[in-house]
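Scroll down for the structure; my scribbles are underneath it.
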Amino acid sequence: MGLLQNVIFGLVTGSYIAVAAIGFTLVYGIVNMINFAYGEYLTVGAFVGLLTAGTLPVPLPVAVLVAMVGGGVASLVLARLFFTPINHTGPVPMLLTSIGLGIALRNLIRLVAGRNARYFDTETATFRLTGVPDVSVGPFDLLGDFFVTSEHLVVVGCAVGVFLALHGLLTRTDVGIAMRAMGDDEDLARVRGVDTQRIRDSVWVLAGVLAGLAGVLVAIQTNVSAGTGYSHILQILAAAILGGAGSPYGAIAGSYIIGLVLSLSTAFLPGGMAELSSAMAFLILVVVLLVKPSGLAAREVREA
Amino acid sequence: MASDNGKTTRRAVLKGVGAGGLVGMAGCLGVEGGGEGGTEGSGEGTGTTGGSTSGGGSPDSIVFGQPAAQTGQWDFLQPGVSQATDAALQNINDAGGPLDTEVELVRRDTGVNPQEARTVVTQLVENDGASAILGLFSSEINPLWDFLQEQRTPVVTPWPGSTFLDTRGGDKGTPENLDDDEWVWRTVVGDTVHTAGNAKRTLDEGYETIGVINGNTEGERSYVEGFLAPYEAEGGSVAQRVEVGLGESSYQSALERLFGADFDAFLVSLPQESAITMLSDWADGGYGGQPVLSDTLGTQAVIDQVGDALNGAWAASPGQSGPNYDTFEQAFQSAGDAEVNAWSPPAWDAMHVVALAIERAGEATPEAIERNLGPVSGGEGTAVSTFAEGKEALANGEEVNFEGAATPTNFTRHGNVFGSVTISVAKNGEFTEAEVIPAEDVRGFVEEGEY
Amino acid sequence: MSLLAVENLGKEFGGLRALDDLSVSVDRGELVGVMGPNGAGKSTFFNCVSGVVTPDEGRVLLDDADVTGDSPEALARAGMVRTFQHTRELETMTVRDNVRLAAPGQPGERTLPALLRTGSMRDREREVRERADELVEAFELDHLADEYSGSLSGGQRKLLELARVLMLDPDLLLLDEPFAGVNPTLTREIAERIRALNDDGMTVVVIEHELETLTELVDRLVVLQQGSLLVEGDPETVLSDERVIEAYLGE
Amino acid sequence: MSVADRLPLGDAAGNGALLLGAVCVLLAAVFALTPLVVSLPGSLYVFFEVAILFAVYGVLVLGLDLQYGHTGLVNFGHVAFFAVGAYAVAMLSARDSFAGVSLGLPWPVALAGGVVVAALLGAAVGATSVRLRDDFLAVATLATAEIVHSLFVSFEGVFGGNVGIGSVPQPVSDLAGDADTAMLATLLLFGGVTLFTLAAVTRLTEAPYGRVLRAIRADELVTRSVGKSVLTYKMQSFVYGAALAGLAGGLFALYTGAVAPGYFTIQVTVTVWIGMLLGGAANHRGVLAGLAVIMGLRLLSRFALGVMPLSADAFASVRLVVVGLILVAVIRYRPAGLWGDAEELGVDT
């Protein structure tokens, strides 16, 4: 069993978790809520992408862009309808509202779109590297032959693109700088003349755009159905909290850790324990919350 | 038959000695005292009946209940089963219906959740007056086993492959005697049996070592266990087995682990969507090897999504080799645009045996249906493929033997069916039937009385 | 002998030194004022002493016992009780319940007596109620006794907080800006009450940003600057100290 | 509920529930232990079924209300403790289950074991998690529930996988004999247990004990600064809630005669949470009433199938959409629930 190959798989998995987790964690940082309905935003994006690719004669990348726009619009509308009016009530009512909204959205999607899984028609090419020496340690090989597929490259490429764009946004643009200021201290930001509602809206849109992208990426790899996003929400949440809730850079790190752990635990856990690999993300989440609730980014999460 | 013309209580009154009357409790509780002590075992007593059926002549209405997966884990399979059920219903009612009465079907969502299923079954039996239940999954039947026995209403279901049912259910070969009955029947071949057909094919093709990848739910595990028992008994061995969760976005690590071992063929037991993801990953990774697919995977969608890499893969399906599959298929196609799945033909069969049981019994009570499911499905009678044929034969005083779409529908003493197993091989973008392993060959793998 | 002794206390927050080698002691029966410009470390000093924050260095002695790092609840039970700069009312509880809550030694706060409604719980509760009613009345909150404390005005909150801590009958009372945001009339009233408590033998330490009231009230003043002790002594001496004047003017 | 005096010193709070509970249990005993039989109209069975489930969930919601309504602990993994209690009881008492471990111990021993195991899990989760901020505690408990669920599914040899554990004794059915009498006796017995639970939590929360819990919900630091060991109380509250969930799980297992992962999905948590919020957290009778409303609505919606202009498929989805929107609407428009006290809960209306 080649470690290198499994690391590649882990990085791919981590990539689409990361795209989604950034959106999730930005909402957490700015709006101060855990949005449990966020998985449904992925589903919405995936369906928008599928519909576009299926009905219009446009190439897939255009469909992806449409999905991102669709996700952004959906996110803003939902926020305005459900979350903005209760912004002042604190994290717990917001969390509960998002849980209710998630149930409603998921079933609404099922009602409208039906229950069958749909697929994107894509072609995949595989690039294989052979002749890589095995560097054996016990039963494991550190290197060994490996392959990547065009799908892998697209997913990782999209993720890297998102990271770069995000970094640019947060450091170079007024909106991004205001976002960071607001994440640090909302009152101070307001005093300094930041239009906090506008920033919140921007974050909702950004989160929706990222969810749309992540939704399509997941859908290309698997399929689209009403449960697509929901089945990923706990991984996204685990990644965001692992990275330090509210920190986009932390979320990226958290996502790759989750991706690697999922991949490596599936590959290397002893026989009887392999079944645990699906629970691994949650195990990490619980451990992080216990040991270092502030996550990797080490933001102060103090009570009182 | 004549012995059971009166109204019967659905629940056995086993005890009733010396009870005092608690009169006037809230008005809604009828309290019975004394009078029918010690009728242990007969399971019969006079009392109220919850259903709307009555003995003798044409009942006002006949209701079948269908617990369904309109939401929940397997909801994507429901359209194929609903459409098959509706097609059968149409077919039955077009022929005048059992006892010249139109059958009404009430379908209620269980979300594949045992708790909901319990409520749904109660409501179907007690409020909707269903005289038979035509649904329920293994994951609902197993935890509700005792409860279903108490209902004393036949459950004839197209879904469960579970080995749990191998030695449970049916009339134990004694149709008239209800005491030993276990009220659950399935018109789908159990995993123990048809998997044996697949195992046989795998061995016949010379694959003596396999890898196994399966999902972690009851259906997937039970398939693998059904496969491995005869496979290993006949000399095959398992090089590696990997169990995975369903609906994951990637199975590449699991494949990496699986193919770390040395084997020629690998068995896939996953629901369709997860299997497509997994097989796409497998194709992309170029792992090679002969794929052996579980019954549910012989579908066009699998080939369409996975592509040419799947050429040569075979699926063994028990669900479409009944003597009258064509009759079913025709009716199914004209009933809507849902895709046929492995449980559609069994759903058709279930409707038919129940309707025929009513026609033969001359009444539509649950007990009467239970007594007649065995007689109309097996034995010496005139072979019939539709309700209309059966109704006519019965009217002529003949016995009938329903030959179904999924299997010949000959219930074993445990309420199970045997059938031949169809091997379909993927070739040039579609599955083509390559071989039919006759029921008799498969039967050899299963001990008499153990199924 | 000193009731409270603080020795070489140090505390750092993210590279910022909030307390730096601070040593202060308070004798039994004293009424001490702690002052200093914003950021001088007054609140951190209280937080370290009352167990809300654990100091990085140094020791806190209460009645000669080392209580460094002890929890606030343990310290409260040991006789040292504090209030907060921004009044922290239990807003979702009534004024009465706010005061009653603080009562020590209530067996009904344990599971079994609560479930069994033991006699000892009821007897104690009767005493608690009497005492709480006395305090509520004494602080002229009786007309608000059944209101949720969330509806009180700022001054009333200060009074309620005082009533609540007095329920504990503390040996040492730490008051964090008891006059902040309170009108002059009420300020005088609160000051008188503090004086009276001190006269009855309670040791009191008051942090205050406002100089005027504080200097009239206390026996001794401690001035902090940048986490260290700047000056201490009787109010007049301290207020005329050049360094103090500079510290305040320089602000 | 009077806000002025939580502790009526003369007449003991919760005595009504205690008395009524005793009557219920006595009646249950009469039906179960004597040869008396009843026969119920079949059309009412479904209501009895749901009423029995309501009694079980009632114990759950009371435990949750102790944790959240009074102490402010956001436990979003309540189903885990319910499931663990049920599985422990099933595994200890089952005889020859088709799958998984079955030890065949007498059911009273098993029931006690179930409560203890659930309480221990509560202690383990509590010890590590109650320090967390509200929403993080919600996430930690939710993740715990997911882990527990996947353990039950994965370790087939121990927990029976998806089949679960069967052949669990059903003492009430065995004693009562016929099904109708058993159903009534079960409802009375479980109703009695729920009322006892109501009495117990009412006594706890109306005693000075409850004053401390509510103070913790309001402001932990203040509560500590007046000498209360907040962590101890939070732990106790969490463990009591978990133990009650374990009790509910045990009763459930002994009623259904089988446990399986399908019984213990996140749906259970969502249902009791909606019930609690709808009724009004911190009001014991309110949360029971809220639970009754949501479970009643779901039951009645089953009967709406015939009159709604929708296909059965669409109806199934619409039902769940409505459930989700109820949760959203309650939080937005009745944040204190139907019978909760907005000021006491510190919410705007």
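The values are calculated or read from the model by the stated rules, or taken from the named source; none is laboratory data. Computed from a prediction, not measured in an experiment: that's the story for all the values here. Neighbour counts run over all protein chains shown; Cβ positions are idealised from the backbone, glycine included. Just the protein is used for accessible areas: all its heavy atoms, side chains included, with ligands, DNA and RNA removed. Shrake-Rupley method; radii C 1.70, N 1.55, O 1.52, S 1.80 Å.
Hey, if you put +1 on the Cβ of every Lys and Arg and -1 on every Asp and Glu Cβ in region B:271-396, which of B:Gly312, B:Val292, B:Ala364 ends up farthest toward the positive end of that dipole?
Checked the options; the winner is B:Ala364.
Would you pull out the residues with amide H under 5 Å of C:Leu229's amide H, same chain only if 5 or more places away, H placed 1.01 Å from N?
C:Ser23
Which value, in debye to the nearest 20, describes the size of the charge dipole of region D:265-349 about its Cα centre when Lys and Arg Cβ atoms bear +1, Asp and Glu Cβ atoms bear -1, and nothing else is charged?
Computed charge dipole of region D:265-349: roughly 320 debye.
Once the principal axes of the Cα atoms of the protein assembly as shown are found, what is the range along each, listed largest first in whole angstroms?
121, 87, 54
Between C:Asp146 and A:Arg118, with labels modelled 7 Å along Cα→Cβ, what's the label distance in nm to one decimal, could you check?
Rounded to a tenth, the inter-label distance reads 6.2 nm.
Place a +1 charge on the Cβ of each Lys and Arg in region A:20-232 and a -1 charge on the Cβ of each Asp and Glu, then give the dipole magnitude about the Cα centre in debye, rounded to the nearest 20.
620 debye
What is the packing order of peptides B:68-76, D:64-72, taking the mean over residues of other C-beta atoms within 10 Å and listing the highest first?
My ranking of the peptides, most packed first, is D:64-72, B:68-76.
Ignoring everything except DSSP H segments at least 4 long, calculate the 222 nm mean residue ellipticity for chain B; use -39,500 (n - 2.57) per segment, divide by total residues, nearest 500.
Roughly -10000 deg cm²/dmol at 222 nm, from the helical runs in chain B.
How big is the charge dipole of region C:94-151 about its Cα centre, in debye rounded to the nearest 20, if each Lys and Arg gets +1 on its Cβ and each Asp and Glu gets -1 on its Cβ? Could the numbers behind the result be given before it?
Working: 9 positive and 13 negative charges, 98 e Å.
Here region C:94-151 has a charge dipole of around 460 debye.
What angle, in degrees between 0 and 90 and rounded to the nearest 10, separates the Cα long axis of helix B:191-204 from the longest principal axis of the Cα atoms of chain B?
Roughly 20 degrees between the two axes.
Quantify, in whole percent, the carbon and sulfur part of the accessible surface of the protein assembly as shown (1.4 Å probe; protein heavy atoms only).
Carbon-and-sulfur percentage of accessible area, whole number: 55.
Helix hunt in chain D: which complete DSSP H runs extend at least 24 Å axially by C-alpha with mean Kyte-Doolittle at least 1.0?
Answer set is D:15-33, D:45-64, D:107-129, D:134-154, D:179-206, D:230-256, D:284-303, D:312-333.
Divide by every residue of chain D the summed helix terms, -39500 (n - 2.57) for each DSSP H run of at least 4, and state the resulting mean residue ellipticity at 222 nm, rounded to the nearest 500 deg cm²/dmol.
Taking each H run of at least 4 residues, the total per residue is -23000 deg cm²/dmol.
Once label points are set 7 Å from the Cα along Cα→Cβ at both A:Ile177 and C:Glu246, what is their separation, rounded to one decimal in nm?
It works out to 3.8 nm between the two label points.
Could you give the DSSP H helices of chain A that reach 18 angstrom or more along their long axis (alpha carbon positions) and whose average Kyte-Doolittle hydropathy is no lower than 0.0?
Passing helices, by number: A:3-31, A:38-55, A:60-78, A:91-113, A:150-172, A:196-221, A:230-242, A:248-268.
What is the angle, in °, between the Cα long axis of helix B:366-377 and the longest principal axis of the Cα atoms in chain B? Nearest 10 is fine, range 0 to 90.
Helix B:366-377 sits at roughly 50 degrees to that axis.
With the other protein chains left in place, how much accessible area per residue, in square angstrom, belongs to region B:344-430 at a 1.4 angstrom probe?
With the other protein chains kept in place, region B:344-430 gives 26 Å² per residue.
Can you tell me the accessible area per residue over region D:253-349, all protein chains present, probe 1.4 angstrom, in square angstrom?
Ligands and nucleic acids excluded, the figure is 35 Å² per residue.
Hey, rough spin-label estimate for B:Thr432 and B:Asp308, points 7 angstrom out along Cα→Cβ, what's it come to in nanometres?
The modelled label-to-label distance comes out at 1.7 nm.
Taking the Cα centre of region D:3-264 as the origin and placing charges on Cβ (Lys, Arg +1; Asp, Glu -1), which of D:Val61, D:Ala138, D:His149 is farthest toward the positive end of the dipole?
D:Ala138
Which of the trypsin sites (Lys or Arg not before Pro) found in region D:82-173 are in a DSSP loop and have at most 12 neighbouring Cβ atoms, other than their own, within 10 Å?
Those satisfying the criteria are D:Arg95.
Chains C and D: buried accessible surface, both sides, probe 1.4 Å, rounded to 100 Å²?
Working: alone 12240 and 15990 Å², together 24670 Å².
Between C and D, the summed buried area is about 3600 Å².
For A:Val112, C:Val60, give me the order by solvent-accessible area with a 1.4 Å probe, most accessible first, ignoring ligands, DNA and RNA.
From most accessible down to least: A:Val112, C:Val60.
For q = 0.14, 0.21, 0.22 Å⁻¹, what log10 I(q)/I(0) does region A:123-238 give under the Debye formula with an equal point scatterer on each alpha carbon and no solvent?
Taking Cα atoms of region A:123-238 as identical point scatterers yields -0.83, -1.16, -1.20.
Add +1 for every Lys or Arg and -1 for every Asp or Glu among the other residues with Cβ under 9 Å from the Cβ of D:Asn283, and state the total.
Numbers: positive: D:Arg285; negative: D:Asp65, D:Asp341, D:Glu344.
Net charge around D:Asn283: -2.
Using protein heavy atoms only (no ligands, DNA or RNA), what is the total accessible area buried between D and B, 1.4 Å probe, nearest 100 Å²?
4200 Å²
Just to confirm a number: summing +1 for Lys and Arg and -1 for Asp and Glu over residues other than C:Asp21 whose beta-carbon lies under 15 angstrom from that of C:Asp21, what do you get?
Counting the neighbours of C:Asp21, the net charge comes to -3.
Note the buried accessible area between A and D here, summed over both chains, with a 1.4 Å probe, in Å² to the nearest 100.
Summed over both sides, the interface buries about 3600 Å².
Could you work out, residue by residue across C:14-24, how many beta carbons of other chains sit within 10 Å of that residue's beta carbon, and then give the average as an integer?
Working: counts 1, 0, 0, 0, 0, 0, 0, 0, 0, 0, 0.
Mean inter-chain Cβ contacts per residue within 10 Å come to 0.
Other chains' Cβ within 10 Å of C:95-103 residues: what's the mean?
Average per residue, whole number: 5.
Show the residues, 5+ positions off or on another chain, whose built amide H is closer than 5 Å to the amide H of B:Gly190.
Residues meeting the criterion, in which the H sits 1.01 Å from N, are B:Val417.
Does anyone have the angle between helix B:78-94 and the longest principal axis of chain B? Alpha-carbon axes, 0 to 90°, nearest 10?
So the helix axis and the longest Cα principal axis differ by about 50 degrees.
Mind checking C:115-127 for the average number of partner chain beta-carbons within 10 Å of each residue's beta-carbon?
Numbers: counts 8, 3, 9, 1, 0, 0, 5, 5, 1, 1, 5, 1, 0.
The shielding value for this peptide is 3.
So which residues in region D:167-203 end up with at least 40 square angstrom less accessible surface once the other protein chains are there, compared with the chain by itself, probe 1.4 angstrom?
D:Asp178, D:Ala179, D:Arg203
Only sites in a loop by DSSP and with at most 13 other Cβ atoms within 10 Å count here; which GluC sites (Glu not before Pro) in region B:278-385 make the cut?
B:Glu380
Return the percentage of antiparallel bridges among DSSP beta bridges fully within the protein assembly as shown, rounded to the nearest 5 %.
45 percent
Determine, for each peptide in A:178-187, B:246-255, the mean count of other beta carbons within 10 angstrom over its residues, then list the peptides with the highest first.
Ranked by mean Cβ neighbours within 10 Å, highest first: B:246-255, A:178-187.
Residues of chain C: accessible area per residue at 1.4 Å, in Å²?
42 Å²
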